[in-house]
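Handing you this structure, nothing more for now.
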Amino acid sequence: MTIGNLIKTLDGSLFKEYLMERYKSGDIVKKPKTALDVPSFKFGKLKTDIQYENAERCDKLSKEHFCIKYCESRKMTADILSKMYYTDDYKKLCDEIFPTHGKEITADKRLVIPFYDVNNSLIAISGRALENASEKLRYVTIRTNESNEKLVYGMDRVDLKQPVYIVEGPIDSLFLNNCLASGDSNLALTAKNVKAEKIILIYDNEPRNKEVMKLMQNAIKLGHNVVIWPDTIKGKDINEMIIKGMTQRELKDIISSNTFEGLRAQTKFTFWKKV
């Protein structure tokens, strides 16, 4: 072994003196430790402007197209149209996006609502029937993955550091800033999976709907902020309120002044459900 290792083996204190003498004489030069500065790589959001063989983005359709006429009847703006697609054959589109979906899907004309995650990755599409909707499933949704997580619309658009609104329908959510859609009436369940600083639940204005009343009651008990619509509001949901002439600013003001929690929410709810 080397002289240094021999001294270290025989006498630890003598070894320290030996090292000190070598440093003083310049035989050992202490090399400074250098940290390797490797910048962390961050993935940017994917682009959502995807071209499909069997669908066309709605804002690129002719103004005379019957899908555009339908969208205009629901007061959808150009900004909303840019987030949706139209297909002549929903089955072909589903097969194109997710060939192994395994569902029996009708080859019909539909307005297509794409669902994206926080990275703008496509996770599902929902097709809204445009012809004979009362005679078939109005909405048909397929997922592009095998996830069992609750499907939420709008995760690509919300800022979780700001108050987040949760409504039932995807189209309704597009008339409010920073808004998500649950796709059903169980807004409290959706809220469990949304890690926002503040969440406001906006149920449809259906005071005689037993399921909605039960879910609202439960949400209030859980301590959620809940919108209790005033009895002057006649529309069933946000889109219907807009169709009846309410502006988005008026809608936001009504929501802000009719959001309650705790005991006050319970009191307002008791009167609301009797209307």
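The values are calculated or read from the model by the stated rules, or taken from the named source; none is laboratory data. All of these numbers come straight from a predicted model, not from anything done at the bench. A quick note on method: Cβ atoms are made from the backbone with ideal geometry, for glycine too, and the neighbour counts reach across all protein chains shown.
Whether any residue in segment 102-117 is of a type in the set (Lys, Arg), part of a loop (DSSP other than H, G, I, E, B), under 23 Å from the mean Cα position of the chain (by Cα) and crowded, with 17+ Cβ neighbours inside 10 Å is what I want to check.
Taking every residue of segment 102-117 in turn, none turns out to be of a type in the set (Lys, Arg), part of a loop (DSSP other than H, G, I, E, B), under 23 Å from the mean Cα position of the chain (by Cα) and crowded, with 17+ Cβ neighbours inside 10 Å.
Are any residues in segment 243-275 over 13 Å from LEU176 (Cα atoms), in a loop (DSSP other than H, G, I, E, B) and β-branched (Val, Ile, Thr), and if so, which ones?
VAL275
Related question: Do any residues in segment 217-242 that are of a type in the set (Lys, Arg) have Cβ atoms under 9 Å from those of residues that are in a loop (DSSP other than H, G, I, E, B), where the two are at least six apart or on different chains, and which pairs are they?
Sorted first by the residue in segment 217-242, then by its partner, the pairs are LYS234/ASN205; LYS234/LYS244; LYS236/ASP204; LYS236/ASN205; LYS236/GLU206.
Among the residues of segment 50-106, what is the count of those that are within 22 Å of ARG157 (Cβ to Cβ) and of a type in the set (Lys, Arg)?
The number of residues fulfilling the criteria is 5.
Another question about this same structure. Among the listed residues TYR85, TYR116, TYR90, which satisfies the condition of being in contact with a helix residue (DSSP H, G or I) (Cβ under 9 Å, 6 or more places away or on another chain), in contact (Cβ under 8 Å) with a residue 24 or more places away in the chain and among the aromatic types (Phe, Trp, Tyr)?
Answer to the check: TYR85.
Can I ask one more? Considering only residues that are hydrophobic (A, V, I, L, M, F, W, C) and surrounded by fewer than 19 Cβ atoms within 10 Å (Cβ to Cβ), look in segment 216-242 and name the one that is nearest to LEU176 (Cα to Cα).
In this case the residue turns out to be ILE233.
Which of the residues spanning segment 261-275 are surrounded by 15 or more Cβ atoms within 10 Å (Cβ to Cβ) and either free of Cβ contacts under 8 Å to residues at least 40 places away in the same chain or small (Gly, Ala, Ser) (or both)?
ALA265
Right, another one. Can you tell me which of TYR153, TYR139 is crowded, with 22+ Cβ neighbours inside 10 Å and in contact with a strand residue (DSSP E or B) (Cβ under 6 Å, 6 or more places away or on another chain)?
Residue meeting the stated conditions: TYR153.
Each row is one residue, and each column tells you yes or no for (1) part of a loop (DSSP other than H, G, I, E, B); (2) outside the structural domain of GLY102 (by TED's automatic domain parsing); (3) β-branched (Val, Ile, Thr).
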| site | (1), (2), (3) |
| --- | --- |
| LEU137 | yes, no, no |
| VAL158 | yes, yes, yes |
| PHE175 | yes, yes, no |
| LEU180 | no, yes, no |
| LYS195 | yes, yes, no |
| ILE200 | no, yes, yes |
| LEU215 | no, yes, no |
| ILE220 | no, yes, yes |
